[in-house]
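Novice: Sharing a structure below in structure tokens format, with a few things to ask.
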Amino acid sequence: MRNLTVAFAALLAGMTLSVSEDAFAQERTVKITGFGAKSGVVRVFGINSEAAMKAGAEEINKTGGVTLGDGTKAKLTVEFLDDRCNAEEGISVVRRIASTDAFVAVGPTCSNVAESLFGILQKKAGDATDSGLQFPIIADVAAKGGLAKISEWSFRNVPSEFEMYKSLFAWVKSQHPNLKTIYGGVEKDFAHSNATFGVMKSQAETNGFQIAGSAEWLLNDTTFSTQVREMKRANADIVAISAHPFTTCGVLKEMERQGVKPKLLIGLTSSSSIETLQGCAKQAEGIIIPTSFAPVTPEAKKAAESVAKFGGSADLHSAAAYEIMFILKDVIQQQKIMAKPDTVQADRVKMRQGLAGLKETMGLLGKVGRTADREAIKPFLYVHAKGGSWQVLHKPSS
Amino acid sequence: MDFYFGLIQIIGVHTLLGLSAYCVLLTGQVSLAQAGFFAIGAYVAGMLTVIAQWPLVPALGVSALVAGATACAVGFPALRVKGLMLVVATVAFGEAVRLFFFNFTYQVQAGNIRLGPHGGEGFRQIRYFPENGWTTLDVMLFIWAVVALVMAGLWWLNRSRAGAVLRAVGEDELAAQSTGINITAVKISAMTVGGVIAGIGGGIFAHYTTHIEHVQFGVVLATFAIAYPILGGLSNVFGTLLAVIFIQGFLIEGLRFMGDWRNLLFGGLIVLAMNVRPRGLLDAGAMLALKRLFFSRKERSDA
């Protein structure tokens, strides 16, 4: 009897081992490739996106990974390529990714790159007369309005800046009825800053603010004395700066040097980041910025910690990259993507259909709506710089 | 393969840009205006195919003419100055062109969208290639047919009396003038030919990137334009091609896997290449060696 028990135990152990070996053999990896600027003035956005994608993949892998169409489980891995914020390089990077087994790519950082990339994609899915690339791309950072409209293969998980500034200026008007004039500053050669400045200006006028003038500078500029002198002369109640952290800090420091103290400061969404605080926390004190990310929910706090572990910082852009990893996981499972070399084109079509069919996704601040033209409607709030950190100032009801 | 075809497209267009600067460099002039002519070609060709719905080839013809005419017009005042002053003058022209397109808006309504250049936001939807069913291979073959034509033309020019005149002016202006060569006419002609080539290159560039905006045509592009022929060598047109392959194919694309280190290596390798081959990657000595190698093998095989 004892021998029988030992034999049974050995058989059981063998079976268990064989099962776990089978399970091990079936465990696969799916590579998600991101791309964006990892060099140049805006390199920090690429670094943060890569960290956020890796953090998202780690969280997904911790909970077992993703289930593929044939029932096997796969772990997600992330590769991130640098396009140097250059349209030609962006096209080359995407062609490189599309020449592999990848069924989706995440990126880019810069709106000018997205313009070109989305342009080389097939405009209408299934249009046999259009020889554009049939490859789904979902953008995390490129924030210029209306980009996803360019192709049915392009998607974005970026907030609507139009809605953000529409809400913000209405709120400012209601909270500060005594403020009448506004002066604008814009990083004129950067597509996102330039386009958003147009939104800021129109929303300011819509809400009855009088435009006292505007100053322009370039992304690579390092001196702003002339622009700030004009700003000082205008003596407006509000100064709205549509620029990224690097020149925003330059302008804010120059404003301090020249003693320009507006009653209210408004900034660009992209400047609600750690880089602004690292560069000019003192000068940025009080600046109000609408953002689609702040560590105010347990999920957002967890994401911020996780992104930091991978050497990045969570802001509205990298948070979008983090969310995208979970969106992709859901679509892979819903669409039963196989992730095999012989199903690449079918997987791409399924991924496109899956992304296009999304009506709502879960974001770090709550539910994110999806529009018919493949854009996101993200919840947002206003933050202001206070004591060297970003603090929530107001959360609009809608 | 699409990735490689795409890369070969980029190399082709940058070769045209480099060859446009090559023409001017032959006369001993350093022009940073090529990015401006390239921009003119890009916007003109883009507007003709998108707004006027022209086929691509005539649109490229017009873009070449407009860029060439501009180069000719710019050449007269600009080429009155020399050396560093010419560099400054041509940079100023390039920036003026860039800023013109930065402020230039001309859009027409097409259905529910507006098409055409839109100032600082650029000019999108230049989708002639995909809308007409051109594959990446088709585009690549088209670009290289154009590059081959231009290179053949310049190769012929190099070996003709006109080429000797260009080189004579480039080597020693005073000596050339004393032999009765009209220096101004030669320089303006070189500038015009350079403008024509840049115009064609820009026109193709607009169509394969599908979106153009002023920032793409700045000083960096102008620097690349003259870096190609200088790095490749002025002894013949293939030097420029070799330099473009080295920069676009190897330094930019080949080293992409190196991540952040790529940018450090980029500058270092260019400096190294210029130190190792100060007269260009394909200088007269290298060409002679290649000829000897080629002809001695041919003679051996004939024997």
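The values are calculated or read from the model by the stated rules, or taken from the named source; none is laboratory data. For clarity, every value in this text was computed on a predicted model and none was experimentally measured. Note: ideal-geometry Cβ built from the backbone for every residue, glycine included; neighbour counts use all protein chains shown. The area values use the complete protein model at the heavy-atom level, side chains included, leaving out ligands, DNA and RNA. Shrake-Rupley method; radii C 1.70, N 1.55, O 1.52, S 1.80 Å.
Novice: Using a 10 Å cut-off on Cβ to Cβ distances, tally the other chain neighbours for every residue of A:90-97 and report the average as a whole number.
Specialist: 5
Novice: Oh, and also: Please give the peptides B:81-90, B:119-128 ranked by average Cβ packing (other Cβ atoms within 10 Å per residue), highest first, as a rough proxy for protection.
Specialist: The densest-packed peptide leads the list: B:119-128, B:81-90.
Novice: Sticking with this structure for a sec: Could you list the trypsin sites (Lys or Arg not before Pro) in the stretch A:204-295 that lie in coil according to DSSP, counting only those with at most 15 other Cβ atoms within 10 Å of their Cβ?
Specialist: Here the sparse-neighbourhood loop sites are A:Lys263, A:Lys282.
Novice: Send over the per residue convex hull volume for the protein assembly as shown, Cα only, as a whole number of Å³.
Specialist: Expressed per residue, the convex hull around the Cα atoms of the protein assembly as shown is 215 Å³.
Novice: Does anyone have the angle between helix A:298-309 and the longest principal axis of chain A? Alpha-carbon axes, 0 to 90°, nearest 10?
Specialist: Approximately 90 degrees, to the nearest 10.
Novice: Here is a further query. Within 10 Å of each Cβ of A:111-124, how many other protein chain Cβ atoms are there on average?
Specialist: For this peptide, the per-residue mean of nearby foreign Cβ atoms is 5.
Novice: Any idea what angle helix B:2-26 forms with the longest principal axis of chain B, computed on alpha-carbon atoms, 0 to 90 degrees, nearest 10?
Specialist: The two axes meet at around 60 degrees.
Novice: Taking amide hydrogens as modeled 1.01 Å from N in the peptide plane, which residues meet the under 5 Å criterion relative to A:Ser272, leaving out close sequence neighbours?
Specialist: The list, which skips near neighbours in sequence, is empty: none.
Novice: With label points built 7 Å along Cα→Cβ from the Cα atoms of A:Glu58 and B:Asn103, find their separation and express it in nm.
Specialist: Taking the simple label geometry, A:Glu58 and B:Asn103 are separated by 5.1 nm.
Novice: Name all residues of the stretch A:275-313 having a backbone nitrogen under 20 Å from the label point set 7 Å from the Cα of A:Gln391 along its Cα→Cβ direction, giving them as ranges.
Specialist: Correct set: A:275-298, A:301.
Novice: Pairs of Cα atoms under 8 Å, at least six residues apart: use those to get the relative contact order of chain A, whole percent.
Specialist: Contact order relative to length: 18 percent.
Novice: At a 1.4 Å probe radius, carbon and sulfur cover how many percent of the accessible area of the stretch A:33-143?
Specialist: Here it works out to 49 percent.
Novice: Now for a separate question. What percent antiparallel are the DSSP beta bridges of the protein assembly as shown, to the nearest 5?
Specialist: Expressed as a percentage, antiparallel bridges in the protein assembly as shown total about 40.
Novice: Over the whole of B:118-126, what's the average partner chain Cβ count within 10 Å per residue? Rounded to a whole number, please.
Specialist: 5
Novice: Just to confirm, what accessible area per residue do you get for the protein assembly as shown at 1.4 Å probe, in whole Å²?
Specialist: Dividing the accessible area of the protein assembly as shown by its residue count gives 42 Å².
Novice: If you look for lysine pairs in the stretch A:161-291 that are eight or more places apart or on different chains, how many of them have Cα atoms under 22 Å apart?
Specialist: Close lysine pairs under the 22 Å cut-off: 26.
Novice: Suppose each label sits 7 Å from its Cα in the direction of the beta carbon; what would the B:Leu293-A:Met362 distance come out to in nanometres?
Specialist: Inter-label distance under the simple model: 6.3 nm.
Novice: While we're looking at this one, here's another question. Magnitude of the Cβ-charge dipole of the stretch B:2-218, K/R +1 and D/E -1, about the Cα centre, nearest 20 debye?
Specialist: With only Lys, Arg, Asp and Glu charged at Cβ, the dipole is about 340 debye.
Novice: Oh, and also: How would you rank A:332-338, A:144-150, B:250-256, A:183-189, highest first, on the average number of other Cβ atoms within 10 Å across their residues?
Specialist: The most tightly packed comes first, giving A:183-189, A:144-150, A:332-338, B:250-256.
Novice: If the only charges are +1 at each Lys and Arg Cβ and -1 at each Asp and Glu Cβ, what is the size of the charge dipole of the protein assembly as shown around the Cα centre, to the nearest 20 debye?
Specialist: That gives the protein assembly as shown a dipole magnitude of about 400 debye.
Novice: Using only Cα atoms and rounding to the nearest 10 degrees, what angle (0 to 90) does helix A:245-257 make with the longest principal axis of chain A?
Specialist: 30 degrees
Novice: So which residues of the stretch B:250-280 lose at least 50 Å² of accessible area, probe 1.4 Å, when you go from the chain by itself to every protein chain present?
Specialist: Hits at the 50 Å² cut-off: B:Arg256, B:Asp260, B:Asn263.
Novice: Which residues, if any, in the stretch A:167-197 lose at least 10 square angstrom of accessible heavy-atom surface (probe 1.4 Å) when the other protein chains sit next to their chain rather than the chain being alone?
Specialist: Residues losing area: A:Lys188, A:Asp189, A:Ala191, A:Asn194, A:Ala195.
Novice: Compute, for the stretch A:161-291, the length of the dipole vector about the Cα centre, with Cβ point charges of +1 (Lys, Arg) and -1 (Asp, Glu) only. Units Debye, rounded to 20.
Specialist: 480 debye
Novice: Using a Förster radius of 22 Å, what is the FRET efficiency between A:Asp373 and A:Gln345 based on their Cβ-Cβ separation? Nearest 0.05, please.
Specialist: 0.35
Novice: Could you check the spin-label model distance between A:Lys309 and A:Thr129? Points 7 Å from the Cα along Cα→Cβ, value in nm.
Specialist: 5.3 nm
Novice: Quick one: give the max-minus-min coordinate of the C-alpha atoms of the stretch A:166-320 along each principal axis, largest first, in Å.
Specialist: Taking the Cα atoms of the stretch A:166-320, the three principal extents are 46, 35, 28 Å.
Novice: In vacuo Debye scattering of the stretch B:2-218, one point per C-alpha: log10 I(q)/I(0) at q = 0.12 Å⁻¹?
Specialist: For the stretch B:2-218, the Cα-only Debye profile gives -0.63.
Novice: In terms of the ratio Rg/(2.2 N^0.38 Å) built on C-alpha atoms, what value belongs to the stretch B:207-303?
Specialist: Computed over Cα atoms of the stretch B:207-303, the ratio equals 1.37.
Novice: If you roll a 1.4 angstrom probe over the protein chains with everything in place, what fraction of the accessible area of the stretch A:161-291 belongs to carbon and sulfur, to the nearest %?
Specialist: The nonpolar share, carbon plus sulfur, comes to 48 percent.
Novice: Taking a probe of 1.4 Å and counting only protein heavy atoms, give the total accessible area buried between chains B and A in Å², rounded to the nearest 100.
Specialist: 3000 Å²
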